[in-house]
Amino acid sequence: MIEVEDLRKVFAVRRRAGRLRRTRHEVRAVGGISFSVPRGEMVGYIGPNGAGKSTTIKMLTGILTPSSGRLRVAGIDPARERTRLARRIGVVFGQRTTLWWDLPLLDSYRLMRRMYRIPDDRYHANLARCTELLDLGDLLEVPVRQLSLGQRMRGDIAAALLHDPEVLYLDEPTIGLDVLSKAKVREFLRELNADRGTTVLLTTHDLSDIEQLCKRVMVIDHGRLMYDGDLDGLHAVGESERMLVIDLERELPPIDVAGCRTVKVEGPRQWLAFPAGASAAPLVAEVAERWPLVDLSVREPDIEDVIARMYA
Amino acid sequence: MADLAAGARGYGLIVAMWVRTTMAYRMSFAMTALGNLLMTAADFATIAIMFSHTDVLGGFTFAEVALLYGTTSTSLGLADLLLGNLDRIGGRIRDGTMDTLLVRPVPVFAQIAADRFALRRIGRVLQGLIVLVWSLTALEGVAWTPVSVLLVPVMVLSGAAIFGAVFACGAAFQFWATDAAEVQNSFTYGGNTLTQYPPTIFTKELVRGVTFVVPLAFVNWLPALHILGRDDPLGLPGWVDFASPLVAAACCALAGLAWRTGLRGYRSTGS
């Protein structure tokens, strides 16, 4: 569904040097990446800020023209046939809405229906499905600017799916959402992928998005593809650790349990690091059995940490 | 050609939606359109006041000046109504929402031009038409021929196309300089003020510059001079009086080229 071969994007940046002189710098945003995504796969595309994620997505949607390389989405060259491709893909930008700011949600949808020439039955079926699963019933008559971030995001996702796209790009779809909205969005995406076989490419900062949705992860850094495989493999490569934070009844010396190490003690609270690939359950059981445990929480490693470890 | 048809269709869809939204508040629309008409009418009143002190200005009578004013005002009004929102493109580029337009199956030009279509701007078109019609009834000593009668609508439409092309060029320029809206306004709105007065009250150099640099003179001066049976101050050959549609077509082609170049540039830098 998506085929990328040695894709490159170089920006020319002019910088002032002296009063009149300008020097040209070449900034390599994407430096030769290759991958392919088969139909129906859900892939997480992650990397730190400025790694080239957005640039890749922009080339895959036809917004940006690649400097070189071969690119096909649903058999179409995005840069050359942008508007033809537009009918077959859906795009959600977490930071910006694709809806018309001053119009009620439903008016935006009606306009999309005509713009994309969506057949009546498909439009009504998709709208009904999105309204139900994304809980949009009460929001359809509300102007977009009055929606909360989470509501707007759900509205945007529905808008991107009305025309039955074969590929859905999601750029930070859960950024700034509360726990409930996040769960709703994730649940919806999982069902979409399972029921309709929509190919999904997801960029995110939130590793739990990937954990809950994607079997496959691609990591990009400095414009290069650093990792392409499953999430467990990423943890193994990155030797990343999860953190078990425990509150004990009183201050105690550092806990000593096999399979983890105590990294920090602060009064009755202790931080235990253990490999991200391992299960937290036996560890919790052992701690609870041997120490006076009051409360606990498990913290997932964040993307930046994993990547930082990978290439440290 | 397919692009053009897709653009026109998309433009129509978006405009229809905004008109529907506007018409949900009929009273508010009527008030703002009227306000728009009155604002531009005040503009014409200054010219009327000038003529209360003198019968001729640069050798032109009040009715003749009204003809110039009416045609150019109608032309600008039409261009402003149809394409006036193109200057929002700078803001769109700055805040990054340009990208959301590029992922829809409608040409970007149509989407930006039609976005927030302001039907109230029809006020200026109406004001221009009123002045134009009045001037046509008030003109004395004009020998109307079938050609000069036809020249009136041709003049108005060519003028609208030329103003529209200038709007489009200005918008295209914003791909490079995102604060160019002001530069463009000095061409369109400044040009509008210029063409409301007879060319003879300005110096020859200014007139020459306007004729050739920004071919706004074709909006109405040259054809209007033909209708009024006068010679133009530059002594150009007679056929240029009829060249407005050609100039308009050339301007539109140039604007189309500028737009394409600008958009291509944007898509290679993304900023």
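Structural remarks
- Helix A:120-133 and the long axis of chain A differ in direction by around 20°, with both axes built from C-alpha atoms.
- Cα centroid of segment A:106-129 to Cα centroid of segment B:36-55, whole Å: 50 Å
- For chain A, a Gaussian network of Cα nodes joined below 10 Å ranks A:198, A:83, A:131 by mean-square fluctuation, and the top entry is A:83.
- Burial of accessible area (probe 1.4 Å, heavy atoms of protein chains only) in segment B:99-140, relative to its chain alone, reaches at least 20 Å² for B:99, B:100, B:102, B:103, B:104, B:105, B:106, B:116.
- A simple charge model with +1 on the Cβ of Lys and Arg, -1 on the Cβ of Asp and Glu and nothing else charged puts the dipole of chain A at about 2360 debye relative to its Cα centre.
- Computed magnitude of the charge dipole of the protein assembly as shown (debye, nearest 20; Cβ of K, R +1, Cβ of D, E -1): 1560 debye
- Note on segment A:102-187: with neighbouring protein chains present and a 1.4 Å probe, carbon and sulfur make up 49 percent of its accessible heavy-atom surface.
- Values of log10 I(q)/I(0), in the order q = 0.12, 0.16, 0.20, 0.24 Å⁻¹, for segment A:197-259 under a Debye, Cα-only, solvent-free model: -0.49, -0.70, -0.89, -1.14
- ³J(HN,Hα), Karplus 6.51/-1.76/1.60, whole Hz, each residue of segment B:160-176, x for Gly, Pro: 4, 5, 5, 4, x, 5, 5, 4, 5, 4, x, 5, 4, 4, 5, 5, 8
- Calculated from backbone phi, Karplus (6.51, -1.76, 1.60) coupling profile of segment B:69-85 in Hz, x at Gly/Pro: 4, x, 5, 5, 5, 5, 4, 4, x, 5, 4, 5, 5, 7, 10, x, 7
- Of A:184/A:215; A:182/A:264; A:53/A:215; A:215/A:264; A:58/A:182, pairs whose Cα-Cα distance is over 27 Å: A:182/A:264; A:215/A:264
- Residue of A:269, A:28, A:186 that the Gaussian network model of chain A assigns the largest fluctuation, springs spanning Cα pairs under 10 Å: A:269
- Entry note: segment B:1-111 has Rg to Rh equal to 1.13, where both radii use alpha-carbon atoms and Rh is the Kirkwood radius.
- Total accessible surface hidden between B and A, rounded to 100 Å², 1.4 Å probe: 2600 Å²
- Measuring nothing but alpha carbons in the protein assembly as shown and taking Rh as the Kirkwood radius, the Rg to Rh ratio lands at 1.12.
- Residue of A:89, A:33, A:246 that the Gaussian network model of chain A assigns the largest fluctuation, springs spanning Cα pairs under 10 Å: A:246
- Stokes-Einstein D for chain A, Kirkwood Rh over Cα pairs, 37 °C, 0.692 mPa s (µm²/s): 150 µm²/s
- Point-charge dipole on Cβ atoms (K/R +1, D/E -1) for segment B:20-164, about Cα centre, debye to 20: 700 debye
- Net charge over other residues, Cβ less than 15 angstrom from the Cβ of residue B:70 (K, R count +1; D, E count -1): -1
- Averaged over A:78-84, number of beta-carbon atoms from partner chains that fall within 10 Å: 3
- Accessible area (Å², per residue) of the protein assembly as shown, counting only protein heavy atoms and a probe of 1.4 Å: 46 Å²
The values are calculated or read from the model by the stated rules, or taken from the named source; none is laboratory data. The shown structure was predicted, so the numbers you read here are calculated from the model rather than taken from an experiment. We place every Cβ from the backbone using ideal geometry, glycine too, and count neighbours over all the protein chains shown. Side chains are part of the model used for accessible areas, which takes the heavy atoms of the whole protein and leaves out ligands, DNA and RNA. Shrake-Rupley method; radii C 1.70, N 1.55, O 1.52, S 1.80 Å.
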